[in-house]
Amino acid sequence: MLQEAKALTDKVALITGAARGQGAAEARLFASEGAQVYLADILDEEGEELAREIAAAGYVHLDVGSEESWKAAIGQITSATGGIDILVNNAGISHFSPLVDTSLADFERLLQVNLISTFLGIRAATPLMAARGGGSIVNVGSIAGMTGRANLSAYSSTKWAVRGLTRSAAVELGPVGIRVNAIVPGLIVTPMTQEAYGETAILERGASLPIGRAGLPRDIANLALFLVSEASGFCTGGEYVCDGGQLAGF
Ligand SMILES: NC(=O)c1ccc[n+]([C@@H]2O[C@H](COP(=O)([O-])OP(=O)(O)OC[C@H]3O[C@@H](n4cnc5c(N)ncnc54)[C@H](O)[C@@H]3O)[C@@H](O)[C@H]2O)c1
């Protein structure tokens, strides 16, 4: 009997923030589509457990805001595989506070984990992907990076910047075969939103969306799969909103 072709057979994929939430759903889906998936996170126990459960290629400790940590993680992966084809810059943190009460340290922490991380990831992956003739990078933005958001000024600023970085990288790296796109999630049920809003508020907010529900990590993973696979071969520099219609209007 013929085996159905899988979308990511033989591809080496690195997903940051993969111990839980959207990154975990992407790791699961990419592994089921034949990729050699490396999960990266700072939550080592959860990441290692998930890597075992989905028979991933491995788990690496990676603090995405640290240049040294990127060097070590990429070194570990390339010594095992020789390269990398797919990078999802998914790790991120949120921070809620009125602008005037936001400390410089908090603003800089958000920049480090949400934006500088994405720059470091793209820079680390580029030579490896170029050496293999190309690759696909997906950066994770937010609808908070498409509009202004009260009490989310630091987070929103980093997510707007991720879009600028995505477009600039796409223009520069297209000629070496690397596509760079951004996913723009709306309200997704993950530990991040469960901790920030609580289950009841998520359900209520979800019910008010045009689609009538909050998003699930799998909704984002499906979009990520499209963007890292050959099916999106002509897409680069794009911003792909997946928000149940929240930005469409009211
Ligand atoms: N959940 C939502 O509604 C929503 C909406 C828009 C955008 N996003 C974005 O989606 C991405 C994934 O978020 P999520 O909802 O799955 O959140 P989550 O908190 O459930 O998962 C985020 C993961 O990132 C990891 N992480 C945090 N700091 C890290 C660091 N310094 N180095 C490495 N890993 C680190 C965490 O340990 C965690 O495993 C984030 O970039 C987030 O900003 C989420």
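Rule-based calculations on the coordinates, nothing more; no lab input. Everything numeric here is computed off the predicted structure, so don't read it as measured data. With ideal geometry, Cβ positions are generated from the backbone for all residues, glycine too; neighbour counts draw on all protein chains shown.
What to note about this one:
- Structural descriptor for the chain: relative contact order 19 percent, calculated from alpha carbon pairs under 8 angstrom and at least 6 residues apart.
- Partner lysines whose Cα lies under 23 Å from the Cα of Lys71, excluding those fewer than 8 positions away in the same chain, are identified as Lys11.
- For the chain, the longest principal axis of the alpha carbon atoms and the long axis of helix 217-228 meet at an angle near 50°.
- Rounded to the nearest 500, the helix-only mean residue ellipticity at 222 nm of the chain stands at -13500 deg cm²/dmol, with each DSSP H run of n ≥ 4 adding -39,500 (n - 2.57).
- Max mean-square fluctuation residue, GNM over the chain, Cα-Cα springs under 10 Å, options Leu14, Leu29, Leu99: Leu99
- Ranked by the mean number of other Cβ atoms within 10 Å of their residues, highest first, the peptides 16-23, 205-212 come out as 16-23, 205-212.
- Residues of segment 169-187 with amide N under 13 Å of a point placed 7 Å along Cα→Cβ from Ile211: 184-187
- Axis of helix 44-53 versus longest Cα principal axis of the chain: the two differ by about 60°, to the nearest ten degrees.
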